[in-house]
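Peer 1: Dropping the structure in here first, questions after.
The values are calculated or read from the model by the stated rules, or taken from the named source; none is laboratory data. Values in this document were obtained by computation on a predicted structure and should not be read as measured data. Counting neighbours? That spans all protein chains shown, and the Cβs are built from the backbone with ideal geometry, glycine included. In case anyone asks, the SASA skips ligands and DNA or RNA and just uses the protein heavy atoms, side chains included. Shrake-Rupley method; radii C 1.70, N 1.55, O 1.52, S 1.80 Å.
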Amino acid sequence: MQRYKYIYGPVLSRRLGRSLGVDVIPFKTCSYDCVYCLLGRTTRHTTEVREYVPAEDVLDELARKLAEDRPDAISFAGSGEPTLNSRLGEIISGIKAMTDVPVVVFTNSSLLWMPEVRAGLAGADIVSPSLDAVLPDSAEAVNRLAPGLDVEKIFGGLQTFCREFRGRIWLEVLLAAGINDRPQDIEAIAKAVARLDNIECTQLNTVVRPPAEKHVGAVGRRGLERIAARLPGRVEIIAPFFGRAEETHSRNKIGPDDVAGLVERHPSTLEGIAEGLDSGIEETAEIVRRLVSEGVLVETDRDGKAFYIVPHPDGAED
């Protein structure tokens, strides 16, 4: 089945509207090995910044996609840490030359101490850096840092980035129950947030999809509300709790490529796929059944809910 190699969606996002995803890193190439990662364990644990995928090919795919569809945002996330790509800044500049659609980058913040990484992000409209832990033991427990990284270096880079960046900054904090949500963790995070300039808001998240480690669980809604009250500035809870009513779908026409492209980066329930692609549940279910029968998707169970994933071979490929 032929799909776009570097882009997916648009995916319906409560924060961004219809967001076209851009993936500029090979599968599970990351400077962290987060215990909650929905894509499983990191297979290439690295801080090496280089051209992992060709910038020209990414821009070619984007140009073709934008010729047929205008999303509300273009977001860099996907299979690994996007700031590991040394040409991220060039790709952002290339997007700006072809469209005025806002560019958003989701980053784990680990490489912001590098001037070249901060320069690459300068052209983005919105950057969402993460800060899951400030205490060294908690950072190692939840994020499992690549060799050479430590919380002091990472937070220093985040401070510098927030001081320099001229776009919008949405700080994300993802909490896993019993790992980085202890009172001392929240106190340390609150003090750290207070030391960051130009933060538009802090967004609280938790584990909602099958995590890399099965023992990792979610912080409940009331727990997140109590934590939100302890953090400075504007705080939003963005965790998508199951059973919550969402906005009415416009029921887009979708195909197998759309479903597989979404699930490859975001393992989801049937309802989550339909929500993400803004499609009808019956149409989505039919496509999912077909992809499962073809071996493109695999069904897995988490807390009694059926999630769908795209199986990947062990190891990372360039």
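Peer 1: In the list ARG44, ARG70, which residue meets the criterion of being farther than 14 Å from GLY21 by Cα and of a type outside the set (S, T, N, Q)?
Peer 2: ARG44
Peer 1: Ok, one more. So which pairs qualify, if the first residue must be in region 297-318 and closer than 21 Å to ASP257 by Cα and small (Gly, Ala, Ser), the second must be at pLDDT 75 or above and surrounded by 10 or more Cβ atoms within 10 Å (Cβ to Cβ), the Cβ gap must be under 6 Å, and the two must be at least 6 apart or on different chains?
Peer 2: That search, which allows pairs on different chains as well, returns ALA306/GLU299.
Peer 1: Identify the residue in region 178-218 that is at pLDDT 95 or above, closer than 14 Å to ASP132 by Cα and assigned to a loop (DSSP other than H, G, I, E, B) and, among all such residues, is most open to solvent (accessible area, probe 1.4 Å).
Peer 2: Going through the qualifying residues, I end up with ARG182.
Peer 1: A further question follows. Considering only region 76-96, I want to know if a residue exists there that is touching a Leu at 6+ places or on another chain (Cβ under 9 Å), modelled with pLDDT of 95 or more, on the phi > 0 side of the Ramachandran plot and surrounded by 23 or more Cβ atoms within 10 Å (Cβ to Cβ).
Peer 2: There is no residue in region 76-96 that is touching a Leu at 6+ places or on another chain (Cβ under 9 Å), modelled with pLDDT of 95 or more, on the phi > 0 side of the Ramachandran plot and surrounded by 23 or more Cβ atoms within 10 Å (Cβ to Cβ).
Peer 1: In region 11-38, which residues are touching a strand residue (DSSP E or B) at 6+ places or on another chain (Cβ under 6 Å), among the charged types (D, E, K, R) and part of a loop (DSSP other than H, G, I, E, B)?
Peer 2: If the condition is that a residue be touching a strand residue (DSSP E or B) at 6+ places or on another chain (Cβ under 6 Å), among the charged types (D, E, K, R) and part of a loop (DSSP other than H, G, I, E, B), then ASP33 is the only one that fits.
Peer 1: Out of region 255-294, which residues are in a helix (DSSP H, G or I), open to solvent by 10 Å² or more (accessible area, probe 1.4 Å) and among the polar types (S, T, N, Q)?
Peer 2: Listed by number, the list holds a single entry, SER293.
Peer 1: LEU20 is checked against (1) on the phi > 0 side of the Ramachandran plot; (2) touching a Pro at 6+ places or on another chain (Cβ under 9 Å) and fails just one. What number does that condition carry?
Peer 2: Failed condition: (1).
Peer 1: Okay, moving on. With respect to ASP33, determine if the residue is buried (at least 21 other Cβ atoms within 10 Å of the Cβ), acidic (Asp, Glu) and within 30 Å of ALA218 (Cβ to Cβ).
Peer 2: Here the answer is no, as ASP33 does not meet what is asked.
Rundown of residues vs (1) farther than 13 Å from CYS34 by Cα; (2) among the aliphatic types (A, V, I, L, M); (3) in contact (Cβ under 8 Å) with a residue 60 or more places away in the chain, yes/no style:
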{"position": "ARG144", "(1), (2), (3)": "no, no, yes"}
{"position": "ASP150", "(1), (2), (3)": "yes, no, no"}
{"position": "LYS153", "(1), (2), (3)": "yes, no, no"}
{"position": "GLY156", "(1), (2), (3)": "yes, no, no"}
{"position": "PHE161", "(1), (2), (3)": "yes, no, no"}
{"position": "LEU171", "(1), (2), (3)": "yes, yes, no"}
{"position": "GLY178", "(1), (2), (3)": "yes, no, no"}
{"position": "ASP185", "(1), (2), (3)": "yes, no, no"}
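Peer 1: Here are some conditions: (1) in contact with a Ser or Thr (Cβ under 6 Å, 6 or more places away or on another chain); (2) of a type outside the set (Phe, Trp, Tyr); (3) open to solvent by 20 Å² or more (accessible area, probe 1.4 Å). PRO129 meets all but one. Which one does it not meet?
Peer 2: Only one criterion in (1) in contact with a Ser or Thr (Cβ under 6 Å, 6 or more places away or on another chain); (2) of a type outside the set (Phe, Trp, Tyr); (3) open to solvent by 20 Å² or more (accessible area, probe 1.4 Å) is unmet by PRO129, namely (3).
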